[in-house]
1. List the GluC sites (Glu not before Pro) within region 194-280 that fall in a DSSP loop (any state other than H, G, I, E or B) and whose Cβ has at most 15 other Cβ atoms within 10 Å.
2. Do you know the relative contact order of region 145-297, to the nearest whole percent, from alpha carbon pairs under 8 angstrom that are 6+ apart?
3. Before rounding to the nearest 500, sum -39500 (n - 2.57) across all DSSP H runs of length at least 4 in the chain and divide by the residue total; then give [θ] at 222 nm in deg cm²/dmol.
4. Run the numbers on the chain and let me know its relative contact order in percent, using alpha-carbon pairs under 8 Å that are six or more apart.
5. I want the antiparallel fraction of DSSP beta bridges within the chain, as a percent rounded to 5.
6. Separation between the E164 and S126 pseudo-spin-labels, each 7 Å from Cα along Cα→Cβ, expressed in nm?
7. Based only on other Cβ atoms within 10 Å, what is the fewest-to-most ordering of T209, T95?
8. At a threshold of 8 angstrom on Cα-Cα distance, excluding pairs fewer than six apart, so keeping six or more, what relative contact order does region 226-315 reach in percent?
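Laboratory data are not the source of any read-out in this text; all were calculated from the coordinates shown. Just so it is clear, the model here is predicted, and its values are computed rather than measured. For neighbour counting, all protein chains shown are included, and Cβ atoms are generated from backbone atoms with ideal geometry for every residue, glycine included.
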Amino acid sequence: MNQQTDDDGRLRHLLTLDGLPAATIRGLLDRAQQLHASPAASHALRGMLAGTAVCTLFFEPSTRTRSSFQLAATRLGADVLNFDAATSSTSKGETAVDTFRNIEAMGVRGFVVRDRIDGAVAALASAARPGTALVNAGDGRSAHPTQGLLDMLTIRQAKGDRFEDLAVLIVGDIRHSRVARSDLHALRALGVRRIRACGPGSLLPDDDTLQGCEVFDDFDAALEGVDVVMMLRLQRERMQEGLIESIDGYHRDYGLGVERLRRAAADAIVLHPGPMNRGVEIDDAVADGPQSRILQQVANGVAVRMAILEAVLGR
Ligand code: CP
């Protein structure tokens, strides 16, 4: 945790939401909301990172996170370098740390990093020079902090700031989900008292990830009266791994359709981090329906990522 803040408590890197104070999270949400709502506030930041180079260093695929960081950095006036792992010298065996150090040596000050290995972004942060900032764009199963923040912003826009009054349900493959872990850290920090988790036992974590949550394997029971339903992507390889019986069975038991959604509060909202498996964990009529906030999440991603880049690089 201390690795990501200076002695004065300001963010140097953003690696995880675990242990990040509620005041810091709320400050980032306030700033993102301002940037989202006010073209003038956003415009005022144009040029803030002029002369600063930011690299999106992704060792795993991405559509939303990478694109929105590129847009965010561009809107702040940064020079944006998009590292393409597939055509890079990592294919010749160069390590992630050597790759990072070489790009840093070119004068790049900001790195947005995604890696399949837990802790990989923190390891690069340990190797960084003073003044270089790293933002975790998803590492292994551990953390996806900017997704957690944009999810909280989306909830706050729909439900207001009294997080403590909300009942929030997270559904699906929580065991393998970095999104779920970052959401759980943020929900707890913001004071949500009723957090529910639901999925087949084989896809629920066997560590303390769900401490303090109400855990269900019956989706219909879990949905009763909740204000927010956070659906997770089913990674289809879980079937090959024997963790689920069949895709059809998963859809029957854990797929969110219109009928099932009626069990939640009448004004409940539905979130999904993407990419969605339509017809598996979520039906078209819900994904594209009036309670869906899925594209709102994506829109909020740009503002949240501007706020993060401002916080870690804007001094
Ligand atoms: N939500 C999310 O991380 O999506 P991408 O993998 O497309 O970035």
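1. On the way: sites: E214, E224, E237, E241, E245, E259; in loops: E224, E241, E245.
Those that pass, being in a loop and sparsely packed, are E224, E241, E245.
2. Computed value for region 145-297: 24 percent relative contact order.
3. On the way: 13 runs with 124 residues, N = 315.
Value at 222 nm, helices only, nearest 500: -11500 deg cm²/dmol.
4. Computed over the chain, the figure is 20 percent.
5. Details: 2 of 38 bridges.
Looking only at bridges with both residues in the chain, the antiparallel portion is about 5 percent.
6. Rounded to a tenth, the inter-label distance reads 3.8 nm.
7. Details: T209 17, T95 9.
With the fewest neighbours first, T209, T95 line up as T95, T209.
8. 34 percent
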